[in-house]
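Read the figures in this text as sums done on the coordinates, not as results from a lab. This structure is a prediction, so every number in the text was calculated from the model and none was measured. Here the Cβ is made from the backbone with ideal geometry for all residues, glycine too, and neighbour counts use every protein chain on show.
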Amino acid sequence: MPAKKIQDEGEVIRWFEEGWTYDEMSAEYRRKYNIEMKPSAWGNFRYRKGLARRIARDDALIPWAVKKEHRALYPLMMLRLEGRKRAGLPIDDDKTKRLESWHQMLKEEDAVVHYDPETDDGFFYVPREAGDKDIIREPEKATTLRRNADNRDD
């Protein structure tokens, strides 16, 4: 069995509680212990210890496999932020104001978010229809490719 890389579990748990990124944790391990750690090691540790996720991935809000070129677009950023809000995760004041403004725009335009990966723009605001239950136009079939790290069968 290989040597254990994580030297002090309490220290790592504290870093998670303080909101350190995986890159920050890896850099500190390199500096402090001269040990190289891949970001996936921190995610695996988090999962094994039952620590809360720091991100909220809401497949009901983002049911699509979003192409790389569309991942930094504003509608997707707002959907991610809405996911954080729904999960009860903290959101700073600036982002809260942006999210409220975005919701107001959707309400005034009576619109929902639609995603079409085969277009250059990717995301569109389309008129709300009777079947729209949330702030997105649900696809006929969810195409999300990423599996939720907390729903593993291991």
Q: Please give the helix 93-109 orientation as an angle from the longest Cα principal axis of the chain, in degrees from 0 to 90, rounded to the nearest 10.
A: 20 degrees
Q: Enter the angle in degrees (range 0 to 90, nearest 10) between the Cα long axis of helix 74-86 and the first principal axis of the Cα atoms of the chain, meaning the one along which they spread out most.
A: 70 degrees
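Relative contact order for region 18-90 using alpha-carbon pairs under 8 Å, separation at least 6, rounded to a whole percent? Mind showing how you got there, number by number?
On the way: 34 pairs, mean separation 17.5, N = 73.
It rounds to 24 percent for region 18-90.
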Q: Using label points projected 7 Å from each Cα along Cα→Cβ, tell me how many nm separate residue 24 and residue 52, to one decimal.
A: 1.6 nm
Q | Set of region 120-136 residues, backbone N closer than 17 Å to the point 7 Å along the Cα-Cβ line of residue 110 | A | 125-136
Q. Percent relative contact order of the chain, based on C-alpha pairs within less than 8 angstrom and at least six residues apart?
A. 20 percent
Q.
Whole angstrom only: what separates the Cα centroid of region 94-136 from the Cα centroid of region 4-79?
A. 28 Å
Q) If the chain between residue 129 and residue 94 were fully stretched, how many nm would it gain, using 0.36 nm times the residue separation less the Cα-Cα distance? A) 9.5 nm
Q. Each label point is 7 Å from the Cα along the Cα-to-Cβ direction; what then is the distance between the points at residue 7 and residue 73, in nm?
A. 4.6 nm
Q: For the chain, just list the percent of Cα-Cα distances falling in each 10 Å bin from zero outward, please.
A: 9, 31, 30, 20, 9, 2, 0
Q. Near residue 85, which lysines are there with a Cα under 27 Å away, not counting those fewer than 8 places off in the same chain?
A. 49, 67, 68, 95, 97, 107, 133, 141
Q | Charged-residue dipole, Cβ positions (Lys, Arg, Asp, Glu), region 14-62 about Cα centre, Debye nearest 20 | A | 220 debye
Q. Of 52, 27, 66, whose Cα points farthest to the positive end of the dipole of the chain (charges on the beta-carbon: +1 Lys, Arg; -1 Asp, Glu; origin at the Cα centre)?
A. 27
Q: Would you mind checking the tilt of helix 9-18 against the longest principal axis of the Cα atoms of the chain, expressed as 0 to 90 degrees and rounded to 10?
A: 30 degrees
Q: Mind running the shape call on region 70-127? Use the C-alpha gyration tensor, a ≥ b ≥ c as the square roots of the eigenvalues: rounded below 1.5 for a/c, prolate if a/b tops b/c, oblate otherwise.
A: oblate
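Can you compute the charge dipole magnitude of the chain about its Cα centre, using +1 on each Lys and Arg Cβ and -1 on each Asp and Glu Cβ, nothing else charged? Give it in debye, rounded to the nearest 20. Can you show the working numbers first?
On the way: 31 positive and 32 negative charges, 172 e Å.
In total the dipole reaches around 820 debye.
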